[in-house]
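Participant: Pasting in a structure now, in structure tokens, and then I'll have a few things to ask.
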Protein chains: 4
Amino acid sequence: MMTHQLTLSQVKPEMQDCIQNCLDCHSVCLNTVTYCLQKGGMHSEVDHIRLMLSCAEICQTSADFMLLGSHFHHRTCGVCAEICEQCASDCEKMGDDAQMKACAQICRQCAESCRQMSMAMA
Amino acid sequence: MMTHQLTLSQVKPEMQDCIQNCLDCHSVCLNTVTYCLQKGGMHSEVDHIRLMLSCAEICQTSADFMLLGSHFHHRTCGVCAEICEQCASDCEKMGDDAQMKACAQICRQCAESCRQMSMAMA
Amino acid sequence: MMTHQLTLSQVKPEMQDCIQNCLDCHSVCLNTVTYCLQKGGMHSEVDHIRLMLSCAEICQTSADFMLLGSHFHHRTCGVCAEICEQCASDCEKMGDDAQMKACAQICRQCAESCRQMSMAMA
Amino acid sequence: MMTHQLTLSQVKPEMQDCIQNCLDCHSVCLNTVTYCLQKGGMHSEVDHIRLMLSCAEICQTSADFMLLGSHFHHRTCGVCAEICEQCASDCEKMGDDAQMKACAQICRQCAESCRQMSMAMA
């Protein structure tokens with residue numbers, strides 16, 4: 001099911017996209033935590049897992065602020081963009097792995113979309 | 001973006017659908033809270049808002065348990081099915097309103113999908 | 001039970017205080033949402049409830065970032081301080097009510113503690 | 001700051017204790033995730049980290065249901081008791097370690113308090 005099929009009250013199309021990116025990024029990061037712990041080695045180092053857990057959480061918070069219509073969403077989206085960017089870089093360092101590449105990609109996409117959302121309000 | 005386009009590790013298709021239903025239900029419930037508070041009257045009564053907030057939260061928790069691969073997901077999905085069912089009934093009582101109908105519909109869909117998930121593990 | 005009785009790994013005393021303030025503020029805000037919806041009138045207006053729900057969520061996120069040891073906690077604490085400050089002002093406008101006063105007070109305390117935490121890292 | 005100093009609306013003393021146990025258990029589990037990832041070995045195995053993350057999340061959800069006054073709290077507390085119990089056992093297997101012992105202890109305490117809360121409503 002796609003977000004634009006959902007009936008969201010007073011949410012503009014570009015914000016709907018940003019919400020969806022945040023929820024997707026939350027989902028992939030959380031799922032990738034499990035994947036990384038199974039791989040072990042550098043994948044399960046504390047800094048990497050911590051970054052992915054932090055990324056999952058701020059994505060959720062940013063999505064929820066937009067869903068509630070809070071005008072502070074530009075502030076949470078700003079922080080979210082920063083963390084997603086760093087999480088993407090970290091995943092890319094893990095090398096040539098389909099799961100890590102997919103995680104990096106959704107993190108970049110979410111970062112870009114949150115950055116625009118944070119500036120739209122400034 | 002649809003969930004089946006996401007790269008989720010070790011998540012079966014029916015579970016991916018359930019995750020998506022939970023995330024959609026979380027999103028619509030949270031967004032509908034704002035809508036109801038603006039409508040006022042019976043829409044903003046404490047029992048209704050509380051039920052929608054509870055529904056949004058248990059949907060998130062159930063989605064996260066599945067994304068993490070926790071085998072306790074059948075327990076959270078069981079509780080989620082119950083709460084979604086009651087939230088759907090509550091929304092239907094609000095009458096002939098597109099937003100409330102849409103919220104009731106995604107709640108029913110999520111309830112059905114969580115119920116099956118909870119029984120698949122039993 | 002007080003936080004300093006908890007065994008938290010690598011968390012300095014001032015951060016433990018900030019975590020506790022965030023968790024207290026989360027708890028009181030969420031509980032006060034229910035109180036406000038029962039009072040009705042200006043207490044249950046959408047902007048006020050939305051602000052308290054947003055405040056509860058960013059407090060949780062900030063606490064979690066500190067508990068995980070994420071170095072991004074100074075960013076979430078910065079946003080948290082801002083939102084808590086505004087939530088405190090909003091609660092104070094509701095007048096001479098013990099619950100609203102208590103909510104305003106914990107919001108101010110959390111804002112102050114998060115502000116210091118956000119600057120300590122700058 | 002202790003929970004009984006907080007102004008919580010319509011929350012009985014035994015429920016206030018249960019909320020505090022849930023928040024403490026959430027905090028210690030999340031913090032212990034970081035500790036375990038640093039220790040490595042069996043401490044950072046996927047099943048253990050996943051269980052502690054799940055425990056942290058259901059504790060939060062149970063606390064929130066009680067803070068909102070949802071009558072479904074007996075259902076979330078029931079699931080929470082089960083997960084806390086298993087998390088305690090898992091932590092105890094990690095041996096003679098102050099952090100793991102402290103985590104096991106708060107998990108047992110939270111399990112006991114949630115079990116009573118879940119039965120009080122039955």
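Only the coordinates and a few stated rules stand behind these numbers; no lab work does. As the structure is a computational prediction, the values presented were derived from the model and not from experiment. Cβ sites come from the backbone with ideal geometry, for glycine too, and all protein chains shown count toward neighbours.
Participant: Placing a label point 7 Å from Cα toward Cβ, how far apart in nm is C:Met42 from its equivalents in the other copies, listed shortest first to one decimal?
Facilitator: Reported distances to equivalent positions: 2.9, 5.8, 6.1 nm.
Participant: Now, a different point. Per residue of D:46-57, how many C-beta atoms from partner chains lie within 10 Å of its own C-beta, taken as a mean?
Facilitator: Partner Cβ neighbours, averaged per residue: 6.
Participant: Between A:Lys12 and B:Gln10, what is the label-to-label distance in nm when each label sits 7 Å out along the Cα-to-Cβ direction?
Facilitator: For the pair A:Lys12/B:Gln10, the computed spacing is 4.3 nm.
Participant: Another one. Can you spot the lysines whose alpha carbon is less than 17 Å from C:Lys12's alpha carbon? Ignore those fewer than 8 places along the same chain.
Facilitator: Once the sequence-local lysines are set aside, nothing remains near C:Lys12.
Participant: For every other residue with a beta carbon closer than 15 angstrom to the beta carbon of A:Gly41, add +1 if it is Lys or Arg and -1 if Asp or Glu, then tell me the sum.
Facilitator: Value of the local net charge: -4.
Participant: Now for a separate question. Any idea what the D:Gly95 label distances to the other copies are, label 7 Å down the Cα→Cβ vector, nm, shortest first?
Facilitator: 2.9, 6.4, 6.8
Participant: How far apart, in nanometres, would the label points at D:Ala120 and A:Ala98 be if each is projected 7 angstrom from Cα along the Cα-to-Cβ direction?
Facilitator: Each label point is offset 7 Å from its Cα along the Cβ direction, giving 5.0 nm.
Participant: Classify the protein assembly as shown as rounded, prolate or oblate from the Cα gyration tensor: take a ≥ b ≥ c as the square roots of its eigenvalues, call it rounded if a/c is under 1.5, otherwise prolate when a/b beats b/c and oblate if not.
Facilitator: Rounded, because the longest to shortest axis ratio a/c is under 1.5.
Participant: Tell me the net charge near A:Ser62. Cut-off is 11 Å between Cβ atoms, A:Ser62 excluded, with +1 for each Lys or Arg and -1 for each Asp or Glu.
Facilitator: So the environment of A:Ser62 carries a net charge of -2.
Participant: P(r) tail for segment D:14-120, what percent of Cα pairs lie past 18 Å?
Facilitator: 39 percent
Participant: Next question, about the same structure. Hey, with R₀ at 22 Å, roughly what FRET efficiency would B:Gln105 and A:Gln38 work out to, going by the Cβ-Cβ distance, to 0.05?
Facilitator: FRET efficiency, B:Gln105 to A:Gln38: 0.05.
Participant: Mind checking which lysines have their C-alpha under 23 Å from B:Lys93, skipping anything on the same chain fewer than 8 residues away?
Facilitator: Reachable lysines: B:Lys39, B:Lys101, C:Lys39.
Participant: Could you tell me which helices of chain D pass both thresholds, a Cα extent of 18 Å or more along their own axis and a mean Kyte-Doolittle hydropathy of at least 1.0, with helices taken as whole DSSP H runs?
Facilitator: Within chain D not a single helix satisfies the rule.
Participant: What's the minimum Cβ distance from chain C to the axis relating it to A, in whole Å, and which residue gives it?
Facilitator: Closest Cβ on chain C to the axis mapping it onto A, in Å: C:Thr61, 2.
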